[in-house]
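Report on one structure; see the data block that follows.
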Amino acid sequence: MEASATTVRGDRSVLERSPLGRLPDRLLKWGLTALAVLILLLIAYFFIRLIGESTTSINTFGLSFLFRNDWDASRNIYHGAALVIGTLVTSGIALMIGVPVAVAAALFLTELCPRRARPALGMLVDLLAAVPSVVYGLWGVFVLGPKLEPVERWFANTFSFIPWIGGGASAITPGNYFIAGLILAIMILPIVSAISREVIATVPSENKEAALALGATRWEMIRMAVLPYARPGITGGAMLGLGRAIGETIAVVLVIGDAPTLGHHIFSQGYTLASVIANEFGEAANVKIHASALFEAGLVLFILTLIINVIARWFVNRGARSMRAARGGSAAPGGDVMVAAQAAGVGGAE
Amino acid sequence: MSSGGMSLSRLPEISARRRRTDKVMRASLLVGTVIALIPLVLIIYYLIYKGLGTWNKNFFTTDPNGNFFGNHGGIRSAIVGTLEIVCLATLIAVPAGIGVAVWLTEYGKQSWFASLVRYFVDVMTGVPSIVFGLFIYIVLVISHTGGSGFAAWKGALAVTLLMLPIVIRSAEVVLLLVPNNLREAALALGAPRWRVITRVVLPTSLSGLITGSLLAVARGMGETAPLLFTVSTAFVLTGNLNTQMNTLPVQIYNDIKSPEPSIVARAWGAALTLVALVLILNVIARLIARRSRLG
């Protein structure tokens, strides 16, 4: 065929585009590639600058920044164990309350709910993610906190023998770890539920039908056919929720009481890594070591959420892979479960 | 079917215990779902109950004035400031995000570098927004870039960072849904790659792209933490993006901490406004998604 093609100047076939005609194509390709590179470089640059601004604090306090409990701005001592523990306690409470509810809702919506009601109910759960965190804070301070106080009082009195839970009603403060954890539980509900729903929806219907055909009840079908398959994905979703809970700032700063001390039980006031930054940032602006300590808190937060997200993604992708393998290798369109959840509008945390 | 010799009814009955477990578990899953829906109902109820009363003409047409006694002013500058910052962030994040998504689906595909980009974009979605605020604070605010410390455009950049991963990943999903036949048909007709992208791929997935972008905008609109460190706050209405600016989330945050009940009431009114804006964007996004030709 090569002989039949007419050539123009420059020994180029007429069917080929002129160098000028190919220019927009190249521009677009390299422009878009540059954009992708730029975004990666920007994140790396920001990260390095954050480390740079934290060095004063890292050099001064070393590891005791994380492991010693003495945070006192008046003496310029910043040992943030209370913040780290506050972060872990509030996120732990959030997971313990939020994950079972989210998974129950996901199972109900995918397996039990009448088909016609599914999209509407699913959308309502997703809408929780649309409420800004400052609004959660507002609601927590003026509605949930006051309404729950009698309950907390009763609980602390009744179970005062359990360490860390009941310290007696006298020790209850209006803002405390429990309220912060409860608000966080509500805030992570939509993402855990959305990812669980996506994962559960990918369980092969053959397995479910087989379980039912063998005489399993609905619940037995869920327990034996659905949950084992969906477990890695649900674990990943819960970890993503954990990442959200750890990084949440504004709602927590409003309801946790903001005391840089280590509370003795879950109804005492405290601090988290994120909330200390938001609260002390104004006064720290002119004190170099204080600002640096807050940047280090941000750095710890950043690294912590990175690690959790990496692990979570590994879980979710492993779940998706085993699911695909079970289906005989045919990749689901779009593949990634995370993506679907994000497309459902459940992205970002504050 | 009872007339059949080998009737199904010969199967052993499900025991009472299994039946009971089934009922109990199904009921508890239902209860879990109801519990999951309660917070949304309660929050919306209280927003309307406490916020609607503050809504009047004055509320939307005056700026907050910082007075503790007497007339505190409304939320006009906060609404306008939020819209300005979100518009600027959208103008950067949506084209850039869709650009990266196009690169991922049309050029990068399964290459190692595309996987790397995809991975980091995923990781970015999990980064707390306060960290984005700190990034911009360190890089642009401390250094007084542009002649001022806190500035609206810096806040817009922080919100952009936050919106980018959401736009990229949601756009990639819809771009992947465009059938390859369409691309191949256009290429076979002699269209260059860029025309295939601008005339075939993007228009086909338009509604999906709009949905993803609107959801990202809704997300960016309600963020407080990044704005605290980058825009700070102000009272007056301004169109100058190089100064401090009032925004809805930050005004709500500041009003919550006031001991004066009528200022707290303004926070409820502002919160109702903010949630209304965000929910409207969400509902529009979902309606567009439902009408989409793809998926």
Margin query: Whether any residue in segment A:215-223 is modelled with pLDDT of 85 or more, among the hydroxyl-bearing types (Ser, Thr, Tyr) and either within 16 Å of the chain's Cα centre (by Cα) or assigned by TED's automatic domain parsing to the domain that holds residue A:113 (or both) is what I want to check.
Written below: yes
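Taking helices (runs of 4 or more DSSP H) that fall entirely within segment B:165-258, which contain at least 1 residues that are farther than 20 Å from residue B:96 by Cβ and facing chain A (nearest Cβ under 10 Å)?
B:225-230, B:248-256
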Next item on the list: Report the residue count in segment B:259-278 for those that are without any contact (Cβ under 8 Å) to a residue 24 or more places away in the chain and either at positive phi or not in a loop (DSSP other than H, G, I, E, B) (or both).
Entry: 4
Next item on the list: Report, by residue number, each residue of segment A:253-288 that is at pLDDT below 85 and of a type in the set (A, V, I, L, M, F, W, C).
Entry: A:285
Next item on the list: Tell me, please, whether a residue that is surrounded by 12 or more Cβ atoms within 10 Å (Cβ to Cβ), more than 14 Å from chain B (Cβ to nearest Cβ), at positive phi and not in a helix (DSSP H, G or I) can be found in segment A:3-11.
Entry: no
Next item on the list: Tell me, please, whether a residue that is crowded, with 18+ Cβ neighbours inside 10 Å, under 25 Å from the mean Cα position of the chain (by Cα), within 30 Å of residue A:257 (Cβ to Cβ) and not polar (S, T, N, Q) can be found in segment B:199-213.
Entry: no
Next item on the list: May I ask you to list the residues in segment B:51-68 that are assigned to a helix (DSSP H, G or I) and among the hydrophobic types (A, V, I, L, M, F, W, C)?
Entry: B:52, B:59, B:60
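How many residues, within segment A:202-213, are within 14 Å of chain B (Cβ to nearest Cβ) and in contact with a helix residue (DSSP H, G or I) (Cβ under 9 Å, 6 or more places away or on another chain)?
Here is the first cut: in segment A:202-213, the ones within 14 Å of chain B (Cβ to nearest Cβ) are A:211-213.
Keeping just the survivors that are in contact with a helix residue (DSSP H, G or I) (Cβ under 9 Å, 6 or more places away or on another chain) gives A:211-212.
Count: 2.
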Notebook entry, point to check: Quick one: is residue A:240 crowded, with 21+ Cβ neighbours inside 10 Å, modelled with pLDDT of 95 or more and under 16 Å from the mean Cα position of the chain (by Cα)?
Noted result: no
Next item on the list: Among the residues of segment B:259-286, count how many are more than 7 Å from chain A (Cβ to nearest Cβ) and of a type in the set (D, E, K, R).
Entry: 2
Notebook entry, point to check: Looking at segment B:49-59, is at least one residue within 12 Å of another protein chain (Cβ to nearest Cβ) and free of Cβ contacts under 8 Å to residues at least 12 places away in the same chain?
Noted result: yes
Note to self: For segment B:26-49, check the following and say yes or no: at least one residue is more than 30 Å from residue A:126 (Cα to Cα) and either at pLDDT below 95 or not small (Gly, Ala, Ser) (or both).
What the structure shows: no
Item checked: Filter result for residue B:92 (touching a residue at least 60 places away in the same chain (Cβ under 8 Å) and facing another protein chain (nearest Cβ under 8 Å)) -> no
Item checked: Residue list for segment A:276-318, filter: β-branched (Val, Ile, Thr), under 30 Å from residue A:202 (Cβ atoms) and surrounded by fewer than 19 Cβ atoms within 10 Å (Cβ to Cβ) -> A:307, A:310, A:311
Next item on the list: Identify, by number, the condition in (1) modelled with pLDDT of 90 or more; (2) loosely packed, with under 12 Cβ neighbours inside 10 Å; (3) under 21 Å from residue B:192 (Cα atoms); (4) not hydroxyl-bearing (Ser, Thr, Tyr) that residue A:21 doesn't meet.
Entry: (1)
Next item on the list: List every residue pair whose Cβ atoms lie under 8 Å apart, where the two residues are 6 or more positions apart in sequence or sit on different chains, the first residue falls within segment B:112-130 and is more than 7 Å from chain A (Cβ to nearest Cβ) and buried (at least 22 other Cβ atoms within 10 Å of the Cβ), and the second residue, located anywhere, is among the basic types (Lys, Arg) and in a helix (DSSP H, G or I).
Entry: B:121/B:169
Checklist line | Search result, residues across segment B:131-145 that are more than 8 Å from every other protein chain (Cβ to nearest Cβ) and either within 17 Å of residue B:166 (Cβ to Cβ) or in contact (Cβ under 8 Å) with a residue 24 or more places away in the chain (or both) | finding: B:132, B:133, B:136, B:137, B:140, B:141
Check: Considering only residues of segment A:106-144 that are among the small types (Gly, Ala, Ser) and facing chain B (nearest Cβ under 8 Å), which is nearest to residue B:219 (Cα to Cα)?
Finding: A:130
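Which helices (runs of 4 or more DSSP H) sit wholly inside segment A:45-129 and have at least 2 residues that are under 23 Å from residue A:234 (Cβ atoms)? Working first, answer last.
On the way: elements: A:64-67, A:81-107, A:118-127.
Ranges flagged: A:81-107, A:118-127.
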Next item on the list: Looking at (1) among the basic types (Lys, Arg); (2) surrounded by 22 or more Cβ atoms within 10 Å (Cβ to Cβ); (3) facing chain B (nearest Cβ under 10 Å), find the lone condition where residue A:223 falls short.
Entry: (2)
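Can you say whether residue B:143 is within 25 Å of residue B:245 (Cα to Cα), surrounded by fewer than 16 Cβ atoms within 10 Å (Cβ to Cβ) and out of contact with any helix residue (DSSP H, G or I) (no Cβ under 7 Å at 6 or more places or on another chain), as far as the supplied structure shows? Let's see the steps before the verdict.
Numbers: within 25 Å of residue B:245 (Cα to Cα): yes; surrounded by fewer than 16 Cβ atoms within 10 Å (Cβ to Cβ): yes; out of contact with any helix residue (DSSP H, G or I) (no Cβ under 7 Å at 6 or more places or on another chain): yes.
So residue B:143 fits the description; yes.
Being over 20 Å from residue A:35 (Cβ atoms) and buried (at least 24 other Cβ atoms within 10 Å of the Cβ) is true for just one of B:227, B:182. Which residue is that?
Numbers: B:182 fails: buried (at least 24 other Cβ atoms within 10 Å of the Cβ).
Among B:227, B:182, only B:227 is over 20 Å from residue A:35 (Cβ atoms) and buried (at least 24 other Cβ atoms within 10 Å of the Cβ).
The values are calculated or read from the model by the stated rules, or taken from the named source; none is laboratory data. Predicted model only: the values in this text are computed from it and were never measured. Here the Cβ is made from the backbone with ideal geometry for all residues, glycine too, and neighbour counts use every protein chain on show.
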